[in-house]
Amino acid sequence: MLVRNPAEPDWGLGQVQSNINGKLTVNFENMGKMTLESANIALTLQFNS
């Protein structure tokens with residue numbers, strides 16, 4: 001699944017690698033691998049057109 005963090009647009013496009021008990025591991029193109037709490041962040045889906 002591809003996502004973006006609207007609060008941090010400089011992070012770029014991210015690929016969700018796992019979701020375990022609400023903890024997301026996302027690899028962002030400009031920030032690297034981040035572990036995020038899904039309850040505290042509103043990621044938006046990126047659909048390919």
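Overview of values
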quantity: Potential extension, M34-L13 segment - 0.36 nm per residue separation minus Cα distance; calculated: 6.3 nm
quantity: Entry for volume of the Cα convex hull per residue in Å³ (calculated from the structure that is shown) out of [x] 92; [y] 81; [z] 68; calculated: [z]
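Computed from the coordinates by the stated procedures, all read-outs in this text should not be read as laboratory data. Note that the structure is a prediction, hence the values are computed from the model and not measured.
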